[in-house]
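Novice: To start, I am sharing the structure in question, which I have written as structure tokens.
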Amino acid sequence: MNHFAYPNAIQKDDESFQFIGCGRFAVFDKDMQPDGYEEASPNTMSNKNVLKFVPKDPFFKPKKNKEIYEKTDHTKSRYFGCSLDLAWYLSYINKYRILKEEFQQFTKDIWATGEVGKSGLQPVDEEQFKEKLKAFLSDSQDNIFICPAGNFAVNMTELIKDTTIVNVYDLNKAIRNNPNKLIVLVNEDELKYLNDIFFEGKNEIGFLARIKSSPQRALGFSKEFNSSPPKIGLLILFIAFTSFFVFSQFFTPKNISNESISYEQALIKTTDGDYLPIDQCTYDSPCNITSGKSYIYVKINSEGYASAFLKDRDYYYNQEGSMFINKAVEGIVNLWPGTSDDRSPKRLFQLYIVISSQEIATSKDSKQLTQLPNGKIVGPAYVKPRPE
């Protein structure tokens, strides 16, 4: 059984800090509480902030028969404080998403420290962090320590031996290529990417991803697509069509110029399962992608539209033949390289994203386009097809 462990350090009389072990969260069936565990009730003032960052997806709910339990390395010690927030957050996600097998095999437990504030992950006390880091490095069984990037100073490198420091996007690659301990640095706004990197399933876009994979379920229809929709589905459809008619007659949206719209984030999921900013996919170091399984995630600064295009030789191809952001601020789209029979690994494709405050002209994904549609152009990023 893997745990999410939060290390503890207390202040001594001489104002130095001493490591006193870890509190360890684990998820079990409610009727299978193991000996030595208690139902978790974290002693932190940040619980509201932790829950704020849990994905807001109506189908992304904890399983009713699962519960988070806790044990401590030393039962007589009092374990508390906001530095346990990150471990509690990961455990909460673990109630309804399974930890990926590669992490289960790579480490016994996963250490995590960091306070979850209103804006995201915050650093913890520097001196306490040093003691926690020393304790992690001396532990013989646990090989992953997730911590705020703001806590890791250059002068701490002297503490590290046979340890690799990675950011969240490079973690999958590091596990495959490095048998040593890993310190994973997480920036303030990167909490949501831990969900997709550590756990099975894809949920970083929430409800949008559900609509792409199962629109009938997202709209309240029954599991069998051909069966009759329940009353709630009919009600939703009635409200949607009525609202569309009324608003189309009387409502005119504000027109925002393309000059004011820009992208805040653009990540690509590679063949290796890594998540890379698209500006890292260069001509000299292109990103490997697998047709139909790699995708890009884009977030823009205001409500608008976006389409993705792969350039194959002299032509552009609208990925999935649609706007993957449609009057929204974020979206995902799968990538489909290899528009001809030649899928040589030496071939490079150029990836472009077109964003706009107005609707973007789309075309069938097989149609050859000689130019990109109107809008603000992001790219090119360079990608090359590779089988899994």
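Every number in this text was worked out from the coordinates using simple rules, so none of it is lab data. Small disclaimer: the values here were computed from a predicted structure and weren't measured. A quick note on method: Cβ atoms are made from the backbone with ideal geometry, for glycine too, and the neighbour counts reach across all protein chains shown.
Novice: Note the per residue figure in Å³ for the convex hull of the C-alpha positions in segment 258-385.
Specialist: 92
Novice: Using only C-alpha atoms and all pairs of different ones, pull out the Kirkwood radius for segment 1-146 in Å with one decimal.
Specialist: Every distinct Cα pair counted, the radius reaches 15.8 Å.
Novice: Could you check the spin-label model distance between Asp31 and Asn43? Points 7 Å from the Cα along Cα→Cβ, value in nm.
Specialist: 3.3
Novice: Spin-label point model (7 Å from Cα, Cβ direction): what's the Asn167 to Lys327 distance in nm?
Specialist: The modelled label-to-label distance comes out at 3.5 nm.
Novice: Report the FRET efficiency, 1/(1 + (r/R0)^6), for His74 and Glu303, where r is their Cβ-Cβ distance and R0 is 51 Å, rounded to 0.05.
Specialist: My answer for the efficiency is 0.50.
Novice: Under a plain spin-label model, where a point goes 7 Å from the Cα along Cα-to-Cβ, how far apart in nm are Gln141 and Arg347?
Specialist: Rounded to a tenth, the inter-label distance reads 5.1 nm.
Novice: Multiply the residue separation of Gln371 and Tyr283 by 0.36 nm, subtract the distance between their alpha-carbon atoms, and state the gained length in nm to one decimal.
Specialist: 29.6 nm
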